Structures are given as C-alpha cells and as structure tokens.
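Here the structure is laid out as structure tokens; the discussion comes afterwards.
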Amino acid sequence: VNVFFRPIDKINSVIETYPKGIAGFRRYAALLDTEPDIADRPGAFDAPTLRGDISYRDVSFGYSGERPVLKSINLDIAAGQTIAFVGPSGAGKTTLCSLLPRFYEVDSGGIIIDGLDIRDMTLASLRGQIGIVQQDVFLFGGTIRENIAYGRLDAVESEIVEAARRARLDELIASLPEGLDTIIGERGVKLSGGQKQRLAIARMFLKNPTILILDEATSALDTQTEREIQQSLAELAQGRTTLVIAHRLATIRNADRIVVVADTGIVEQGPHDELVARGGAYSRLGAASD
Ligand code: ATP
C-alpha cells in the first residue's frame, strides 16, 4: 500500500496560488479537502533556510485509535547524508518518513531540524523545504511546462528548461513538435512510467529542497529505465539530506547509513558492509537479494 499517495498531495498544498484554469486543478482541489486537520500552532514561525540536520527524539506514533506503529524512535541524520530505511512490509518505514513533513503528528517525543522543533514551524515553511518523490506521480492535464513548474510556481523559463535537462527529459521534449507546450494526459501525449518519474524529478530539481524523501516502492519499470532513473535520483540526492524508503540493493549499498525498521522500532543501523559483517537483523532480511 502506498500511504504516501494522499500525503504527497498534501505537501503540495502549500502552493496556494495555483494558477486558475489549468485542467485538473478542480480534481486536485478535491483531494485537498481530505486532509486531516494539522495546522500551524499559534505563534508558529517561518523556518529559516534549513541545513537539514534531522533528529528524531523518542518519537512514538500510532494511527488514531490503533496499536502503535513506532515506539521511542531515536535517530540522528546529519545534513547531506543519505539514509536507507529497510525492513519488512508494514514495519513503519513510510510512516517514519511521513512524520517529517508533519503529514501526521507524533504522539510523543519530537522531531528537530537544525535545532528547531518542526511543530514550531509553519507548515508551509517546513514543507516548502522538503521534497518527495514517490512511485505514483501526480500529473494534471496541462502542458509539460506547467507540470514541471508545479515544483515551484514562480520558476522562469530558463529554470524549467534546466530542471528538465537535469532530469533528462530534454530529449523527449526536443522530440515533441510542441516541446514544453505539449499537453499531457487524457487529451494529449501519454507519458511512460519512466517519463512520469523524470517529470517528478524535474519538479524536485526546480523546487530544490534541503530535505528529500524518496519512496522507492517496487516499480513496474524495466531494468534499463529503472537504472537511468536511479542515476537521476542519485544526482537529485546530492547535497541534500535524503531519506529513502529503499527497495533496491544499489540504493541500500550506496547509502551513508542503513536503518532497519521492524517491530515498531529501529533494530539495527550502520553502513552495508558493517551490517553484513555483524550478521544481525539486516543480514537476515535478505536485503542482499535484490
Ligand atoms: P512497506 O514496505 O510495505 O511500504 P512500511 O514499512 O513503509 O511498509 P508503513 O506503510 O509505514 O510500513 O505501515 C506501518 C503500519 O501502519 C502498517 O501496519 C500499516 O498497515 C499501518 N498504516 C499505514 N498507513 C496507515 C494509515 N494511513 N492509517 C492507518 N494505518 C496505517
């Protein structure tokens, strides 16, 4: 199950000045109505430009009225690092990441970024500095330009072109008679799974967030496309604090640290070789069998 599906729409809700008249907006607006009521605290301030040092301090969380999903999580992530979360399905990896943009509020403990409790920040200023790339890319029936610009609505043409280039969408765009003005979706050109992923990546290059959350849910992409996307994602992660809900061995191996989540908590963490040598939970996961 992709519990990020709804949250990803929420993160974009910080964009309040969405241009009217773009096809698909109505449908999108309807999704926003389904948000739970997480709001700015009285006196919340706009977060400064973040470096991205993240600290989970004794965090516990359960979805309302249900058993705890996470108990007493303590986790420190240095700015710029890439952390791969692994563990059995349903262990809480996605939940752990979705607490960071405050899609859900912790029950106890707190999450600190650069020494600031995320509950003291305005949601817009927090979420504006966190980017999410997940398997289900939200596209609307506008042009490719509009769909990329969705990453940052005030972007100028040259920035959009540059984001497309970095996400390696430039070849596709060059091959289309109408280029960036090509309409996508039901009324226009249909994008492949890989192209949709690239569009999501282009948005993120444009948004340029300090913190990146990648949901690497097992995908239907062919191996070659998958490999190319991986490469773009690795470039995107450069210089950002990156949390990956990881499924691919290459991602896991290359992470600065692997965090094994199981039974409501972190059971093991460290770099790949160290965890393999230890012969503990990580090695038993069979994460080495991609
Ligand atoms: P996977 O690898 O399958 O994505 P995961 O480790 O990311 O799993 P989560 O998706 O975080 O695990 O789920 C942790 C637990 O919380 C599961 O028992 C799941 O059923 C439950 N859960 C997830 N999202 C919700 C939700 N929105 N409401 C209620 N329960 C949820």
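The values are calculated or read from the model by the stated rules, or taken from the named source; none is laboratory data. All of these numbers come straight from a predicted model, not from anything done at the bench. So basically every Cβ, Gly included, is an ideal-geometry build from the backbone, and we count neighbours across all protein chains shown. Side chains are part of the model used for accessible areas, which takes the heavy atoms of the whole protein and leaves out ligands, DNA and RNA. Shrake-Rupley method; radii C 1.70, N 1.55, O 1.52, S 1.80 Å.
Just a few scattered comments:
- Criterion violated by G65 - all others in (1) at pLDDT below 95; (2) surrounded by 13 or more Cβ atoms within 10 Å (Cβ to Cβ); (3) part of a loop (DSSP other than H, G, I, E, B) satisfied: (2)
- Filtering segment 250-264 to residues that are open to solvent by 10 Å² or more (accessible area, probe 1.4 Å), within 15 Å of the ligand (Cβ to nearest atom) and out of contact with any helix residue (DSSP H, G or I) (no Cβ under 8 Å at 6 or more places or on another chain) leaves D263, T264.
- Qualifying residue in segment 146-155 (condition: touching a strand residue (DSSP E or B) at 6+ places or on another chain (Cβ under 7 Å) and either among the aliphatic types (A, V, I, L, M) or surrounded by 18 or more Cβ atoms within 10 Å (Cβ to Cβ) (or both)): yes
- Residues that are open to solvent by less than 70 Å² (accessible area, probe 1.4 Å) and part of a strand (DSSP E or B) within segment 265-290 comprise G265, I266, E268, Q269, G270, listed in sequence order.
- The residues of segment 81-111 that are touching a residue at least 60 places away in the same chain (Cβ under 8 Å), surrounded by fewer than 22 Cβ atoms within 10 Å (Cβ to Cβ) and farther than 20 Å from R127 by Cα, listed by number, are P88, A91.
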